[in-house]
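Throughout, read-outs are computed from the coordinates displayed, never taken from laboratory work. This one's a predicted model, so the numbers in the text were calculated from it and none came from an experiment. Cβ: placed from backbone, ideal geometry, glycine included. Neighbour counts: every protein chain shown.
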Amino acid sequence: MADPAKPNGVHIAVCCPHGSGKIPGVPSESYKRAILSPQKTLDGRDIFVHELTLYGDEYARARNQLVDMVYTHEISLGFKVDYLFWWDDDVVLPVDVLQKLISHNLPIVGGLYFMRRHPFLPVAYKAVTDPVHPGRFWAIDSYADNALMEVDAMGQGCVLVRREVYDNIPKPWFAWQEVERKDDTSFQISAVPLESAKASEDKTLGEDLYFFTKAQNAGYKVMLDTAVKCGHEGDYVFDETIFKNAQSRYHKIPPEGRLAILMLAAPSPKPWDGNALANTPLGGSESAVAYLARELANKHHNIVYVASGGAPNLIDNVHYR
């Protein structure tokens, strides 16, 4: 039976931490359109927004305090909210962000936005499975359009988390971690969380990766909806167009003891990429080199395969160009 004290629909606590030195500002136009305007889910239910904002604190501590505020807010409401939506005030939201993310009915699902430094990679990560280099994360450098893909972590700038997740993860939900930054654009983390980000930036890893690692350990998948495309404000708005312009010229540096290998099987009689191994007949040369590329990538070498046609993509850990 529905709770008579809870209006019918989906209740979302919108959580926005502002770092130290920030002052309250006017909500951005994208926020007003995507969050503050009346909203309905794709199946017609009303979306009820409960805004929670914290100013002038350090991010890890602020995020923990915001979750505590949700618990307190629920007591005054008399019911639990359904989701927490995390938004950073420098992320430009699409107008349908809540509808799209809610429609998946997933414990954790986020939108796509990009770093503000070259090569403008997505703020989403996969854990490195190389046993020689444990505890490391790569930023993803390709994705399928309009797809739902599993990642290991993402930024907290646009992510929807089901309320129950925080019940099933021990506190602290967020913490900074000691980290050894590598020249190959990956991170290697220690097991000891820092209470705050007082250490210099090059020695800490963000509270967002800490949360998602704990969520995965609790059995939750971290999903990314590449149809939810956001901007990232800086000197200008960094978006997918800027990333894709840089993507064709970007090659990841392999970890120590591994190789960067460029493969070319050309000319080819038809367009193809790594998916063809499962669904399209290929010639013997293309098949042989594609299987070789996949096995080398599985051994954590960085493989770039130049194939005929097709968009840049990461398939079986091989970078098809």
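The table below lists the values:
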read-out	value
Kirkwood Rh in Å, taken over segment 27-76 so that all alpha-carbon pairs contribute	13.0
Antiparallel bridges, percent of DSSP beta bridges restricted to segment 244-321 (to nearest 5)	30
Full-extension gain in nm, SER287 to ASP167, via 0.36 nm per residue minus C-alpha separation	38.4 nm
Per-selection Rg to Rh, segment 211-320 - Cα, Kirkwood hydrodynamic radius	1.04
Kirkwood-based shape ratio for segment 105-176, expressed as Rg/Rh from alpha carbons	0.99
Test item: Cα-centred dipole of the chain, Lys/Arg +1 and Asp/Glu -1 on Cβ, debye	400
Whole-number D in µm² s⁻¹ for segment 50-153, Kirkwood Cα-pair radius fed into Stokes-Einstein, 4 °C, 1.567 mPa s	78
Residue list for segment 273-287, given a label point 7 angstrom along the Cα-to-Cβ vector of ILE261 and an amide N cut-off under 17 Å	274, 285-287
Of the chymotrypsin sites (Phe, Trp or Tyr not before Pro) in segment 211-276, those whose Cβ has at most 10 other Cβ within 10 Å and which sit in DSSP loop	TYR236
Segment THR129-ARG117, extension gain: residue separation times 0.36 nm, minus the distance between their alpha carbons	1.8 nm
Modelled FRET efficiency - R0 35 Å, TYR55 with TYR250, Cβ distances, 0.05 increments	0.45
Helix-only [θ]222 nm of the chain, DSSP H runs n ≥ 4, -39500 (n - 2.57) each, per residue, nearest 500	-6000 deg cm²/dmol
Max mean-square fluctuation residue, GNM over the chain, Cα-Cα springs under 10 Å, options GLY284, GLY206, GLY234	GLY284
Nearest 10 degrees, 0 to 90: helix 59-77 Cα axis against the chain principal axis	50
Convex hull of Cα atoms in the chain, direction-averaged projection (nm²)	18.5
